[in-house]
Amino acid sequence: MTNVSTQKKHLSATLWYVGVALAWAIPTCVLSGYSLPFAVSGNLGAGVILATVHALILGMLLTGAAGILWQFVPIAFQARPLPRHVLYWHLPLHTLSVLLMVFGFLANRFDIVAYGGLSLLLVTLAYGFLVFAALRQARNRTAVWEQVGWPLFILPIVMILGIVLAFGTINGSNQWLTTHGGIGLLGFWMLMVIILSYKFFPMFALSHGYEVSAKRVVRIYVLGLLLLLSGIWLHDASHGWRPVLTLSGFLGGCLMLVALLLFTRDSSRILKARKRKRLAPSLIAALVSTAVLLVATTAAIVAMCLQMGTWSVAITYVMLFGGLVPLFIAYLHKIVPFLRFEYRYSYASDRKTAPALDDMVQRIPFVWGMSIYASASLLGLFTLLLDHAAEGYGWEILIGVAQAIGLLLVSLGLLHILRIGGARPM
């Protein structure tokens, strides 16, 4: 109880991670406008594209994920919270490492990228070790607790492969790049979304009395991913084994699709068992973003099975800008009000005057911000699909600026939440 009381004297460390993640998001969206013409022309190795992708994934999303795990693990699994000193060294070192990588990509200096990635790997391993230590002492060992280690185990593999590619130790052929991107997007991010959804959906929808199979879904998905990637990576290894490896990739893709169908069924069961019929706008946005991710992941699996590499850019764009980013923003509008309530009202005498968590969210900044962002992202997707970019950077930069404006509006709404109730009573 002493730890809880002490922690309430400070704003949650999660909010610092969220602030840095949003600070990454806005310039990264502008940078994505610069990268669109390169993507349309097929110059996927351009430094601006690599910088944009890694700034978004490592700067915004991974920073935000670390912050969410900071709060998620103690609450969901009744585990001990991470020591606050972790915030003071992990967040700065994580941010500096990603900045070094982004600079290396923009300067076309892959040695700098490699050293930045190596620093990021070490910092992430240290943070992950502390998270695993907390998980081992958890008292609420649910099915989600049993599976949450999968993405945490996969992430260092993705990083190590990226570092080896940056150092030039291995040739950046299609198999290696596909493995790096496939494990990253499908193995870490999509798996993390699936696992956390089994906890977030019932928590935010207030659902009870449902039956789901999180353990089976995750295991089928992981097995399918391993078979799919092994089939792709070893496809050219031997002509005699090619039919077997092709069958392995096809079977892996089918298993992953089965897992996605089971996850969709479980999500539907959770929503049908909800206590309140009305869904908050933030939860609706989270559900729509998850649906977009499911469609994009399905398309990615089909494209990998059929070796349709021409669709990879559009699919990646949808997964990042149409799925992961808006999903993260939507969840913030559930998490930040909770953290504000815990800090401002949890032990205050005026606790009963606290507004409901959903009422803390300003509807206009959220709806308008997400609408502007979604419209701009849709235009960006059309630009990629039409395979045509206007001369210069005018149109493409406007798309990136519009995305940034949308996220800026959303960020201002989150700042309003942090001011609700005024100063914390002593």
Inset, instruction - State the number of residues belonging to the range 103-142 that are under 18 Å from Pro74 (Cβ atoms) and among the small types (Gly, Ala, Ser). - result: 4
Legend entry - the range 294-320 residues that are under 22 Å from Cys29 (Cβ atoms), paired with ones that are outside any helix (DSSP H, G or I) (beta carbon under 7 Å, 6 or more apart): Val313/Leu44
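Where residues in the range 353-386 are of a type in the set (Ser, Thr, Tyr) and crowded, with 18+ Cβ neighbours inside 10 Å, which of them is farthest from Leu412 (Cα to Cα)?
Step one: list which residues in the range 353-386 are of a type in the set (Ser, Thr, Tyr), which gives 353, 371, 373, 375, 377, 383.
Right, trim to crowded, with 18+ Cβ neighbours inside 10 Å and you get 373, 377, 383.
On the way: Tyr373: 14, Ser377: 20, Thr383: 29 Å.
The residue in question is Thr383.
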Inset, instruction - Among the residues of the range 64-76, write down those that are surrounded by fewer than 20 Cβ atoms within 10 Å (Cβ to Cβ) and either part of a loop (DSSP other than H, G, I, E, B) or in contact with a helix residue (DSSP H, G or I) (Cβ under 6 Å, 6 or more places away or on another chain) (or both). - result: Ala76
Legend entry - Enumerated helices (runs of 4 or more DSSP H) restricted to the range 97-193, each holding at least 1 residues that are closer than 19 Å to Trp70 by Cβ and touching a Leu at 6+ places or on another chain (Cβ under 9 Å): 110-136, 143-147, 149-167
Legend entry - Given (1) more than 22 Å from the chain's Cα centre (by Cα); (2) free of Cβ contacts under 8 Å to residues at least 24 places away in the same chain; (3) closer than 28 Å to Tyr198 by Cα, number of the condition Tyr88 does not satisfy: (3)
Inset, instruction - Could you pull out the residue among Gln137, Gln147 that is in contact (Cβ under 8 Å) with a residue 40 or more places away in the chain, surrounded by 14 or more Cβ atoms within 10 Å (Cβ to Cβ), touching a Lys or Arg at 6+ places or on another chain (Cβ under 9 Å) and within 26 Å of His90 (Cα to Cα)? - result: Gln147
Legend entry - Subset of the range 254-279 [of a type in the set (Lys, Arg) and in a helix (DSSP H, G or I)]: Arg265, Arg269, Lys272
Inset, instruction - Examine the range 276-283 for a residue that is within 21 Å of Met60 (Cα to Cα) and of a type in the set (Ser, Thr, Tyr), and state whether such a residue exists. - result: yes
Inset, instruction - Output the number of residues of the range 406-424 satisfying the condition of being in a helix (DSSP H, G or I) and either over 17 Å from Cys29 (Cα atoms) or at pLDDT below 85 (or both). - result: 5
Legend entry - Some residue of the range 278-300 being over 22 Å from the mean Cα position of the chain (by Cα) and over 19 Å from His180 (Cα atoms): yes
Legend entry - Scan of the range 272-293 for residues that are of a type outside the set (S, T, N, Q), under 15 Å from Ser197 (Cβ atoms) and touching a helix residue (DSSP H, G or I) at 6+ places or on another chain (Cβ under 6 Å), ordered by number: Arg274, Leu283, Ala285, Ala286, Val292, Leu293
Inset, instruction - Kindly provide the set of residues from the range 19-51 that are among the polar types (S, T, N, Q) and either touching a residue at least 60 places away in the same chain (Cβ under 8 Å) or surrounded by 18 or more Cβ atoms within 10 Å (Cβ to Cβ) (or both), ordered by number. - result: Thr28, Ser32, Ser35, Ser41
Inset, instruction - State all residues of the range 1-18 that are in a helix (DSSP H, G or I) and either surrounded by 19 or more Cβ atoms within 10 Å (Cβ to Cβ) or modelled with pLDDT under 90 (or both); if no residue qualifies, say none. - result: Thr2, Asn3, Val4, Ser5, Thr6, Gln7, Lys8, Ala13, Thr14, Leu15, Tyr17, Val18
Inset, instruction - Test each condition in (1) within 15 Å of the chain's Cα centre (by Cα); (2) under 22 Å from Ala404 (Cα atoms) for Thr95 and report the one that comes out false. - result: (1)
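The values are calculated or read from the model by the stated rules, or taken from the named source; none is laboratory data. Note that the coordinates shown come from a computational prediction; the quantities given were computed from them, not determined experimentally. For neighbour counting, all protein chains shown are included, and Cβ atoms are generated from backbone atoms with ideal geometry for every residue, glycine included.
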